[in-house]
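A short write-up of the structure that comes next.
The values are calculated or read from the model by the stated rules, or taken from the named source; none is laboratory data. Here the structure is a predicted model, which means the values were calculated and not measured. Cβ sites come from the backbone with ideal geometry, for glycine too, and all protein chains shown count toward neighbours. Heads up: the accessible areas ignore ligands, DNA and RNA and are worked out on the full protein's heavy atoms, side chains in. Shrake-Rupley method; radii C 1.70, N 1.55, O 1.52, S 1.80 Å.
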Amino acid sequence: MTLRSGFTALMILLSGLSSASGEELQDGAPIPDVAQKTDAGVELKLSEVASKGYTLVYFYPKADTPGCTKQACSLRDAYETLIEKGVTVIGVSADSVEKQAEFKEKYNLPFTLLADEDKTVINAFGVPVKWIGFASRQAYLFKNGKLIWRDLKASTAEQANDVLAVLNN
């Protein structure tokens, strides 16, 4: 085996380890009818939460890492404005209930975090999972349960500004 064919084989193997088992959500799609445990250990059904008003569901790779902290703190810092506009914010990662609770407490996050360890929510949204098991950073905004905006390369420090720009237009 040559170096080139070995590298090609490795890339094929690694590309197969990145996946999303669900279909990518399109504008107008209903919020997936899935449930998962919150940072408080209580089950939350997304379709019930998102049935009225705006709901932002954002995905991040791992709690308490630099980029994910910037993203969460962006939403925390704009939380009052988001609430005034009728937005419910829900963060999702594959972390455990305990890790989500620690992350929420450490950074005083005023919104719900879902512990999607089995990737039920991640897969229902069609969010790609990197080969190390982390969800890609993405954000979805629903109005009355229907998708009106999605950000497939969600920002870290500018996440709240991106959402507010959509709401203001």
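The single condition among (1) within 14 Å of the chain's Cα centre (by Cα); (2) free of Cβ contacts under 8 Å to residues at least 24 places away in the same chain that residue 105 does not meet is (1). Residue pairs whose Cβ atoms lie under 7 Å apart, separated by 6 or more positions or on different chains, with the first residue in segment 28-57 and on the phi > 0 side of the Ramachandran plot and the second surrounded by 17 or more Cβ atoms within 10 Å (Cβ to Cβ), are 28/147; 41/97; 53/88. Out of 130, 146, one residue alone is within 15 Å of the chain's Cα centre (by Cα), over 19 Å from residue 73 (Cβ atoms) and open to solvent by 70 Å² or more (accessible area, probe 1.4 Å). It is 130. Among the residues of segment 86-116, which ones are among the polar types (S, T, N, Q), surrounded by fewer than 21 Cβ atoms within 10 Å (Cβ to Cβ) and touching a helix residue (DSSP H, G or I) at 6+ places or on another chain (Cβ under 9 Å)? Hits for segment 86-116 are 88, 108, 112. Restricting attention to segment 1-17 and to residues that are part of a helix (DSSP H, G or I) and open to solvent by 80 Å² or more (accessible area, probe 1.4 Å), the residue that is modelled with the lowest pLDDT turns out to be 12. Just to be sure I understand, how many residues within segment 68-80 are open to solvent by 60 Å² or more (accessible area, probe 1.4 Å), touching a residue at least 24 places away in the same chain (Cβ under 8 Å) and farther than 25 Å from residue 126 by Cα? Residues in segment 68-80 being open to solvent by 60 Å² or more (accessible area, probe 1.4 Å), touching a residue at least 24 places away in the same chain (Cβ under 8 Å) and farther than 25 Å from residue 126 by Cα: 2 in total.
At pLDDT below 95 and over 20 Å from residue 138 (Cα atoms) - does that describe any residue in segment 31-51? Checked segment 31-51: at least one residue is at pLDDT below 95 and over 20 Å from residue 138 (Cα atoms). Determine, yes or no, whether residue 153 is without any contact (Cβ under 8 Å) to a residue 40 or more places away in the chain, open to solvent by 60 Å² or more (accessible area, probe 1.4 Å), out of contact with any Pro (no Cβ under 9 Å at 6 or more places or on another chain) and not aromatic (Phe, Trp, Tyr). Criteria met by residue 153. Tallying residues that are open to solvent by 20 Å² or more (accessible area, probe 1.4 Å) and among the β-branched types (Val, Ile, Thr) within segment 18-67 yields 4.
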